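The block underneath contains the structure these notes are about, expressed in structure tokens.
Only the coordinates and a few stated rules stand behind these numbers; no lab work does. Remember, it's a predicted structure, so these values are computed and weren't measured experimentally. Cβ: placed from backbone, ideal geometry, glycine included. Neighbour counts: every protein chain shown.
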Amino acid sequence: MPITPLLKLGTRRSPLAMAQAYEARSRLCAAHGWEESAVELIPVVASGDKIQDRPLAEIGGKALWTRELDAWLAEGQIDAAVHSLKDVETWRPDSFTLAAILPRADKRDVLIGAATIHALPQGATIGTSAPRRAAQLLHLRPDCRVVTLRGNVATRLAKLAAGEFDATFLAAAGLVRLGETGTGHPLETKDWLPAPAQGAIGIECRTGDQRARDLLQAIDHAPSRAEAMAERALLAALGGNCHSPIAVVCDHSGSMLSMRAVLFSPDGAERVEGAASFSAGDDDGPARLAQDLLARATAGVSVHFTGPK
């Protein structure tokens, strides 16, 4: 007789998304003493995985990573959805709840193709579709040229190996989860800031599904939640989107969080930086930093942020 799963987890079908879903399943089974078969993984090919020839911001933004899973969750085909939290829209439906955030992995970006940003060849061609990475690079190396690069980790590494560009960036967390440790050179956050919530895996369920919420609560990691939600609160207060070049990192120490953020113009020529410390769970802390950044931003930066809604 087939075993009826206790929880159905939806996930994108990409190798990295599947690795994250395996981690979520493993943590759930360990927390509840379940056999692996108690959690069924249900993969979907997301819209963002189907369209690879254009920057995400031009074809619908982060919603392309969540659209299919959102529909399945709303219809009850799955009990919860596993996401790379940095790819989840800042504003989510009230009908969904972010019930668990797993222990955050390495927050850093990794440079593939050179040991450091300054070691890149003069006039190097860099593959990336992230406005944050492009602006940050061009601020440090305005001589470089940025070309659009999308696709999963294997695709990007293959294009680099084929000589389509000189270097690229990948998230350290993704490389670790795929077993690609030792690939490239991590960029320390004191010099190069990551995306909001980078390295965090989030699991959403229906707000009204108390059973799923209770089961997922067992694997929620409070320090990771505090950091990731503070970074998302900053993004919300800034009114940032896929077009907005924003880099931020938040670190916790006890009940306190320290945050550093930089906003750029897309060409990297203009930037504004700020920092703040506040208590975990204090959304006013990120909002105050956002207000300070926008007040000091030049027109070339502020035009890409709409402010609080």
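Here are a few things to note about the model shown:
- Per residue of the chain, the DSSP helices (runs of n ≥ 4 H) give a summed -39500 (n - 2.57) that works out to -10000 deg cm²/dmol at 222 nm.
- Compared with the rule-of-thumb size 2.2 N^0.38 Å for a compact globular protein, the chain has a Cα radius of gyration ratio of 0.99.
- DSSP assigns beta bridges within the chain; of those with both partners inside it, close to 70 percent run antiparallel.
- Ordering G184, L9, A81 by Cα displacement along the dipole of the chain toward the positive end leaves G184 in first place; charges were set at the Cβ atoms of Lys, Arg (+1) and Asp, Glu (-1).
- Farthest toward positive dipole pole in the chain [+1 Lys/Arg, -1 Asp/Glu at C-beta], among G208, V248, A299: A299
- Normalised by 2.2 N^0.38 Å, where N is the number of residues, the C-alpha radius of gyration of the stretch 109-187 stands at 1.00.
- Relative contact order for the chain: 20 percent, from Cα pairs under 8 Å spaced at least 6 residues apart, divided by residue count.
- Of the DSSP H helices in the chain, those whose Cα atoms cover at least 15 Å axially and whose Kyte score averages -1.0 or more: 15-32, 63-75, 222-238, 284-296
- Value of relative contact order over the stretch 159-263, rounded to a whole percent, pairs C-alpha under 8 Å and six or more apart: 24 percent
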